[in-house]
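Read the structure below first, then the notes.
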Amino acid sequence: MASQNSLLIDTNILVAAAYPKDVNHQQAAIFFEVYIDRDLVVPSPVLSELFYVLLVREGYPTALGAVAHTIRTFEIVSSQHSDYIRAIQIMRQHLDARLDLTDAMVVAIAERLKIAEIATFDRRDFSIVQPKHGGSFTRLP
């Protein structure tokens, strides 16, 4: 079960791990080797984005396989109605940044679960938003 010691996984880490042509593929593979013993949590909105990105890049079988593997391997945290409300607030607060809904949902879920660490290659979006529970997000790797 997700806790403050959990590590949230963003879409781009999963895409990079599943897509050998991704510029971050090797770094994603190393990340999962290093952090395999951590409580790795995937917010449910990440699954849709993962499927779509891999569908476009590699096709249906790869996209389906990556989502199935993610569901088998990691804890999936469901979105709540309050997460969507918070995500919209975050997007409105940072209108000029044009955050996407999935990133805003990752932030909202991290706030709800009081998780401070996010595994992502997206340095910009997760450095713009400061979580309600204080400080800033630690972005790994």
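Just so it is clear, none of the values below were taken in a lab; they were calculated from the coordinates. Because the structure is a prediction, the values reported are computed rather than measured. Here Cβ is always computed from backbone atoms with ideal geometry, including for glycine, and neighbour counts include all displayed protein chains.
Remark: segment 7-140 carries a charge dipole of roughly 220 debye about the Cα centre, counting +1 on each Lys and Arg Cβ and -1 on each Asp and Glu Cβ. Between 0 and 90 degrees, the angle of helix 25-34 with respect to the longest Cα principal axis of the chain falls at about 70 degrees.
Contact order for segment 7-140, expressed relative to its length and based on alpha carbon pairs under 8 Å spaced 6+ residues apart, stands at 27 percent. Ranking 23, 84, 106 by how far each Cα lies toward the positive end of the dipole of the chain (charges on Cβ) leaves 84 at the top. Using the Cα coordinates of segment 73-139, the gyration tensor eigenvalues translate into equivalent-ellipsoid semi-axes of 17, 15, 12 Å, sorted from longest to shortest. A straight line joining the Cα centroids of segment 101-116 and segment 13-35 runs 22 Å. Fully extending the segment from residue 24 to residue 64 would add 12.3 nm, taking 0.36 nm per residue of separation and subtracting the current Cα-Cα distance.
Annotation: for a label point projected 7 angstrom from Cα along Cα→Cβ of residue 39, residues of segment 112-141 with backbone N closer than 15 Å are 112-118.
Peptides 19-29, 109-119 ranked from most to least packed give 109-119, 19-29, packing being the mean of other C-beta atoms within 10 angstrom over each peptide's residues. Ranked by the mean number of other Cβ atoms within 10 Å per residue, highest first, peptides 57-63, 86-92 order as 86-92, 57-63. Here the gap between residue 93 and residue 123, fully extended at 0.36 nm per residue and compared with their Cα-Cα distance, gives a gain of 9.0 nm.
Residue-wise HN-Hα couplings along segment 84-97, as the Karplus relation 6.51 cos²θ - 1.76 cosθ + 1.60 with θ = phi - 60° gives them from phi, are 5, 4, 5, 4, 5, 4, 4, 5, 5, 4, 10, 4, 5, 6 Hz; Gly and Pro carry x.
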